[in-house]
Amino acid sequence: MIALRQGIPLLMTPNGDAAHFNQEWIKDALDYAAKVAGHEYWSIGRALTDTITMYLQQEFAGSIIKVSELEHLVQKLLSSLKHDQIAASFFLPDPPVYLSLLDLVLEAGSGYELAFFQLLGKRLQEIAESKSLRVEIGDLNPCLRLLKQRLRLRCHDRLRDEIVNYIRNYSSFHFFQKIRQIPLEIELS
C-alpha cells in the first residue's frame, strides 16, 4: 500500500517527474488566469482551490494524476461555474521547484565554493527555462555551515551575502527577465 501525502495523488509532470500537490500552486494559477481574463480582484480562487483539494482527497480514484488531467479538471470546473473566460485563460505551470543549497554543496564535492556557484547557476538556468511560477530555495544555513567548515572561514555572513546576491542578480538580470514572460517567485530559506 502506498501512503499518499494528505491523501492527495502525486502529480506527473509532462517530462515524467513526480511532484507533490501544492494548494498555492493551484490558487496562483487560478488568480493569474482570472487576471488575464480581466478580473483584477477575483475572490473565489481560494474556495475553488479547497474544492479541488477535497475532490482529489475524497473522490479521485488513482494515486497519480497527470498535470494535464488536473488542468482539464479545473477548466471543466470553471466552465461549469460559468467562468468561461477564466477557463480559457487557465493553465497549470510546472509545479513549484525545490532547490537545496546543501545538496549543491555536497554535489560540488572538493570544488567547494567555485563548483557550488557553477552548479547553482546551472540549476537556476534550468528553472528559468521551466514553466514553474515558483522556486523554493532552501537549506541556506546548513549550506553555510558546511562551506564554513570546508573553507575554514571565521564568519559566514560574507558568504551568505554572496549566495543571496548571486541568486538575486541571476534571477533579476540574467535569465529570468530575458527567458520568462511570466514572473518567477523565489523564496529563500
Per-region count, the range 163-175, residues over 12 Å from Gly121 (Cα atoms) and modelled with pLDDT under 85: 2
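Please tell me if Ala29 is within 20 Å of Leu184 (Cβ to Cβ) and among the aliphatic types (A, V, I, L, M).
yes
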Of everything in the range 130-162 that's closer than 14 Å to Glu187 by Cα and in a loop (DSSP other than H, G, I, E, B), which residue is modelled with the highest pLDDT? Asp139
Mind listing just one residue for me: the one in the range 12-28 that is at pLDDT below 90 and aliphatic (A, V, I, L, M) and, of those, surrounded by the fewest Cβ atoms within 10 Å (Cβ to Cβ)? Ala18
State all residues of the range 33-55 that are surrounded by 17 or more Cβ atoms within 10 Å (Cβ to Cβ), part of a helix (DSSP H, G or I) and of a type outside the set (S, T, N, Q); if no residue qualifies, say none. Ala33, Ala34, Gly45, Leu48, Ile52
Out of the residues in the range 70-103 that are among the charged types (D, E, K, R) and over 15 Å from Thr49 (Cα atoms), state the one that is surrounded by the fewest Cβ atoms within 10 Å (Cβ to Cβ). Lys82
Scanning the range 59-77 residue by residue, those free of Cβ contacts under 8 Å to residues at least 40 places away in the same chain and out of contact with any Ser or Thr (no Cβ under 8 Å at 6 or more places or on another chain) turn out to be Glu59, Ala61, Glu69, Glu71, His72, Leu73, Gln75, Lys76
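Yes/no matrix, rows are residues, columns are (1) basic (Lys, Arg); (2) in a loop (DSSP other than H, G, I, E, B); (3) modelled with pLDDT of 95 or more:
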residue: Gln57; (1), (2), (3): no, no, no
residue: Gly62; (1), (2), (3): no, yes, no
residue: Val74; (1), (2), (3): no, no, yes
residue: Ala87; (1), (2), (3): no, no, yes
residue: Leu99; (1), (2), (3): no, no, no
residue: Leu102; (1), (2), (3): no, no, no
Among (1) over 25 Å from Ser130 (Cα atoms); (2) modelled with pLDDT of 90 or more; (3) surrounded by 12 or more Cβ atoms within 10 Å (Cβ to Cβ), there is one condition Leu4 misses while meeting the rest; what is its number? (2)
Contacts under 6 angstrom Cβ, first residue in the range 1-28 being among the charged types (D, E, K, R), partner at pLDDT 80 or above and crowded, with 16+ Cβ neighbours inside 10 Å, 6 or more apart: Lys27/Gly45; Lys27/Thr49
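The values are calculated or read from the model by the stated rules, or taken from the named source; none is laboratory data. Owing to the predicted nature of the structure, the values given are computational and were not obtained by experimental measurement. Quick reminder, even Gly has a Cβ in these numbers, built from the backbone with ideal geometry, and neighbours come from all protein chains shown.
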